[in-house]
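One structure is given below, encoded as structure tokens.
Every read-out reported here was derived from the displayed coordinates using simple, explicitly stated rules and does not represent laboratory data. Computed from a predicted structure; not experimentally measured. Cβ sites come from the backbone with ideal geometry, for glycine too, and all protein chains shown count toward neighbours.
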Amino acid sequence: MEAQAADRIRVIVAKVGLDGHDRGVKVVARTLRDAGMDVIYTGLHRTPEEIVEAAVQEDVDVIGVSILSGAHMTVFPKIVAGLRQRGADDILVVGGGVIPDDDVVKLKEAGVKELMLQDTPPDAIVAMIRRIVAERGPR
Amino acid sequence: MAYVPSLELVPGVLRREPRPIARLLTRAENGTAEARAALDALFAKAGRAHVVGITGVPGSGKSTLVARLAAQLRARDRTVAIVAIDPSSPFSGGSILGDRIRMGDLGGDPGVFVRSMATRGSLGGLARGTLEAVDVLDAAGYDIVIIETVGVGQDEVDVARAAHTTVVVSAPGLGDDVQAIKAGVLEIADVHVVSKCDRADANRTIAELKNMLAMGLSMADGKERWHPPVVPTSALKAEGVDAVIDAIDDHRAALERTGEIVARQATIAQRRLLRASEDILRDRFERERHGAIAGLLEELAARRTSPHSAAVRLLEAIRLGGNP
């Protein structure tokens, strides 16, 4: 069945673990809202398990994790694995923050769909999310 | 998960599996036509849950109260589902749904299901698809379904026509607002909660509410009537939540005892019929705005017909269209 015009992209934006820098995630949330998406913000200090649980209940298209703590090599694989375990790997995982280039390659191999680092223009984030949701197709 | 037809999701919903529930909630929210039969099937299975509406002005502490209620209901071994509503942007149609921020501690418990919904232009405090979402969660077997409305102003009282028990949350320090909403939202309360009672000025809010209620009592007509209690709570001190649950249970028992539950169900049925009719009309309107209805709109814009006459013709046209 084709997606209806009323289908709105749903995104969870999340902060995980000991990372209190939430200015960036709030700017992204606002940007996505202004692009007409429903954005669920989970607040600070969530665990990967909580994010997976929330993403399943909220039936989001995309999980966006903002991470500036350096724990990305732990956090992202846990979220990807959690989704697979729940049979929810149609939920796309993206991220942003401060992540070394080598790690970006490894994380994408591990199943993270897209990573956008500092200095990414807001419009690029919107375009990226629209693109990966369209590529995944209706579900 | 590839596209699963809605009717195939129904057995999973009845087994209370999160993914089928979540997927059907999305389709209910989107008004997906394909989901109609599945939602109808679940409506037929629903009707067991106690539906509790929680409303109040923005910042009064609704989300915090809901999170505490859910934790406490779980401690009493009752399952709970929450539909939490936040506003959509009138400009972009997008939203930021922040009710989960207060509900972090509920994660990982299969006896709790939390879903955020955006109003999408719907007035009255509820979102489009809220009532269908309640059906899905009710049919899934959750004992209590809580609807947390958007932060309301004076007149958003729809939740009272959707819930068995309506809880209105008031916070201290909003004295003028209490005055302002005396003729509106406060009247629909079956249970009053005064939040933030660790604050010194909370007693004044409690007293004002009790005074308002006492005025109503003097006009009682002798029949057994439910007297809405005023329950003080403090999330900071973790106080009062048990008393809120007891008050909700007392209210449910009173509804059953007095037979008032039948009248409530009738009110809910009326509201749902009207709301569903509005949805059908709105869908048709959106779909045919540039098609069949365009001529009518042109006439109206040029003032060659009146809004009322045009509406009558519109409804006529839809009826002739064979729907319903």
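With a ≥ b ≥ c the root eigenvalues of the C-alpha gyration tensor of the stretch B:1-61, is it rounded (a/c under 1.5), prolate (a/b larger than b/c) or oblate?
Because a/c hits 1.5 or more and a/b exceeds b/c, the stretch B:1-61 counts as prolate.
Please identify, among B:ASP283, B:ASP86, B:ASP40, the residue showing maximal mean-square fluctuation in a Gaussian network model of chain B using a 10 angstrom Cα cutoff.
Among B:ASP283, B:ASP86, B:ASP40, the largest GNM mean-square fluctuation belongs to B:ASP283.
Given R₀ = 56 Å, what would the calculated FRET efficiency be for A:ASP101 paired with B:ALA269, taking r from the Cβ atoms and rounding to 0.05?
0.40
Which listed residue (B:LEU131, B:VAL83, B:GLY12) has the Cα farthest towards the positive end of the charge dipole for chain B, taking +1 on Lys and Arg C-beta and -1 on Asp and Glu C-beta about the Cα centre?
B:GLY12
Would you compute, from DSSP H runs of 4+ residues alone, the mean residue ellipticity of chain B at 222 nm, taking -39500 (n - 2.57) per run and dividing by the full residue count, rounded to the nearest 500?
Helices in chain B give a 222 nm mean residue ellipticity of -14500 deg cm²/dmol.
Mind listing the long-range amide H neighbours of B:VAL51? Cut-off is under 5 Å, sequence gap 5 or more, other chains count too, H placed in the peptide plane at 1.01 Å from N.
B:VAL145, B:HIS164, B:THR165
Could you list the GluC sites (Glu not before Pro) in the stretch B:253-324 that lie in coil according to DSSP, counting only those with at most 13 other Cβ atoms within 10 Å of their Cβ?
Taking the stretch B:253-324 and a limit of 13 other Cβ atoms within 10 Å, no loop GluC sites (Glu not before Pro) are found.
Run the simple label-point estimate for B:PHE285 and B:ASP198 please: 7 Å along Cα→C-beta, distance reported in nm.
4.7 nm
Using θ = phi - 60° and the Karplus form 6.51 cos²θ - 1.76 cosθ + 1.60, what ³J(HN,Hα) does each residue of the stretch A:55-63 get, whole Hz, x for Gly and Pro?
Going residue by residue, I get 5, 5, 5, 7, 6, 6, 7, 9, 9 Hz, with x marking Gly and Pro.
Stretched out fully, how many nm does the piece from B:GLU8 to B:MET215 gain, at 0.36 nm a residue minus the Cα gap?
69.2 nm
What is the gain in length, in nm to one decimal, between B:GLU239 and B:ALA317 on full extension, counting 0.36 nm per residue of separation less the C-alpha to C-alpha distance?
Length gained between B:GLU239 and B:ALA317: 22.4 nm.
What net charge do the residues around B:VAL244 carry, taking every other residue with its C-beta under 15 Å from that of B:VAL244, with Lys and Arg at +1 and Asp and Glu at -1?
Cβ neighbours under 15 Å give a net charge of +1.
Based on DSSP H runs of at least 4 residues, each adding -39500 (n - 2.57), what is the mean residue ellipticity at 222 nm of chain A after dividing by all its residues, to the nearest 500 deg cm²/dmol?
-13500 deg cm²/dmol
Can you list residues whose amide H is under 5 Å from B:MET117's amide H, if they're 5+ apart or on another chain and H is modeled 1.01 Å from N?
B:ALA84, B:ILE85, B:ASP86
Take the alpha carbon gyration tensor of the protein assembly as shown, find the square roots of its eigenvalues, order them as a ≥ b ≥ c, and report rounded if a/c is under 1.5; if not, report prolate when a/b exceeds b/c, else oblate.
oblate
Quantify how strongly other chains surround peptide B:82-91 by giving the mean number of their Cβ atoms within 10 Å of each of its Cβ atoms.
2
For chain B, treating each Cα as an identical point scatterer without solvent, what Debye log10 I(q)/I(0) comes out at q = 0.09, 0.12 1/Å?
Result of the Debye calculation: -0.52, -0.88.
³J(HN,Hα) across the stretch B:47-54 via Karplus (A = 6.51, B = -1.76, C = 1.60, θ = phi - 60°), whole Hz, x for Gly/Pro?
x, 9, 6, 8, 9, 10, x, 10
Show me, for the stretch A:70-85, the HN-Hα J-couplings you get by feeding each phi into the Karplus relation (A = 6.51, B = -1.76, C = 1.60, θ = phi - 60°), rounded to Hz, glycine and proline as x.
x, 8, 4, 6, 8, 5, 4, x, 5, 5, 4, 5, x, 5, 4, 4
Where a ≥ b ≥ c are the square roots of the eigenvalues of the C-alpha gyration tensor, would you call the stretch B:224-308 rounded, which needs a/c under 1.5, or, failing that, prolate if a/b is larger than b/c, or oblate?
Prolate is the answer for the stretch B:224-308, as a/c is 1.5 or above and a/b outweighs b/c.
How far apart, in nm, are the 7 Å Cα→Cβ label points at A:HIS21 and A:THR120?
1.5 nm
Return the long-range amide H neighbours of A:LEU92 (sequence gap of 5 or more, or a different chain), with a cut-off of under 5 Å between placed amide H atoms.
Amide H to amide H, under 5 Å and 5 or more residues apart or across chains, A:LEU92 pairs with A:VAL62, A:ILE63.
Sort A:12-20, B:51-59, B:126-134 for me by packing, meaning the mean count of neighbouring Cβ atoms within 10 Å per residue, highest on top.
For the peptides A:12-20, B:51-59, B:126-134, the packing ranking is B:126-134, B:51-59, A:12-20.
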